[in-house]
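The values are calculated or read from the model by the stated rules, or taken from the named source; none is laboratory data. All values derive from a computational prediction rather than experimental measurement. We place every Cβ from the backbone using ideal geometry, glycine too, and count neighbours over all the protein chains shown. Remember, those area values only see protein heavy atoms, side chains included, never the ligands or the DNA or RNA. Shrake-Rupley method; radii C 1.70, N 1.55, O 1.52, S 1.80 Å.
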Amino acid sequence: MLYSKVTPADKRVAFRKALTDPQVAQFPGAFTPLSTKLIQEQGFEGVYISGGVLANELGLPDIGLTTLTEVATRAAQIARSTDLPALVDADTGFGEPMNVARTVQELEDAGLAGCHIEDQFNPKRCGHLDGKNVVDTATATKRIKAAVESRRDDNFVIMARTDIRGVDGLDAAIDRAKALADAGADVIFPEAMADLSEFERMAEALDVPILANMTEFGKSDLFSKQELQDAGVSMIIYPVSLQRQALGAIERLLTAIREDGTQQAEVENMLTRKRLYELVDYNGYNQFDSGVFNFEVPGTPGN
């Protein structure tokens, strides 16, 4: 009822454990607090909060238009709704090293288990678009050093994302990843790998876990959990899958209403009222309400 009873500190410990587990951890992307309930019910290891998804929810493209306040506020709403650890996309850290430091502390306060910071120019763009620009290695590592030095909970995961693969190739991406790990990154997020062999080379070159981004319609094929695990990947995110599925369903429903004059054809595809009530725990709230207000006050008329 209300929010998770698992503390942010305990969620961060769970995130650390998931990253060292022999089984690859899967973090589907939540686009609303309620969607975390479904992710948790399915037994996933965590929840991912995509910067692109947060921008899209505001009707904006993923080109660095959202602010730290917007991201931290929405991420907090999502993170507190689940017992699972939540990883949030912090773009470039919303500025240079001092901004990165503030970003990390704001996200710690918001109850996140970790964040990733990328090496694109600020403002950035979606990792699977062409024409990206990346900063030099010195600038990229300064961001990660600032993030690591500013965190107050050592279990808060600092992940470094590099987009240099799409600009200068795989060898440059491996070199950049090594530098970011040396700067203190707990995990490396190599964006837009071309195939499984590239994940394998990245994993072999590093002593820290790596993440695979399995976003639809992107640069990478949609590899299976087992394929990625065999390639040395420790964590997989599915950043926009739930949002795309939901918006696709909404579009189909609106088309049916417009063309048929009724939603009847789509009702069988909807979440039932009963199931919705289960997810938001109406019964738990009802029992709590009865327990709080089902009493008599001494000294009042009739007592």
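Points worth noting:
- Any chance Gly302 is at pLDDT below 95 and in a helix (DSSP H, G or I): no
- Given (1) under 17 Å from Tyr238 (Cβ atoms); (2) modelled with pLDDT of 95 or more, number of the condition Gly93 does not satisfy: (1)
- Selection count, the range 18-34, where residues are open to solvent by less than 40 Å² (accessible area, probe 1.4 Å) and either without any contact (Cβ under 8 Å) to a residue 60 or more places away in the chain or farther than 22 Å from Leu211 by Cα (or both): 2
- Residue in the range 219-228 that is touching a residue at least 40 places away in the same chain (Cβ under 8 Å), surrounded by fewer than 16 Cβ atoms within 10 Å (Cβ to Cβ) and basic (Lys, Arg) present: yes
- Look at the range 160-185: where a residue is over 16 Å from Gly93 (Cα atoms) and a partner is polar (S, T, N, Q) and surrounded by fewer than 24 Cβ atoms within 10 Å (Cβ to Cβ), sitting 6+ places away or on another chain with Cβ atoms under 6 Å, you get Ala179/Thr137; Ala179/Thr141.
- Scanning the range 73-86 for residues being of a type in the set (A, V, I, L, M), open to solvent by 10 Å² or more (accessible area, probe 1.4 Å) and without any contact (Cβ under 8 Å) to a residue 60 or more places away in the chain gives a total of 1.
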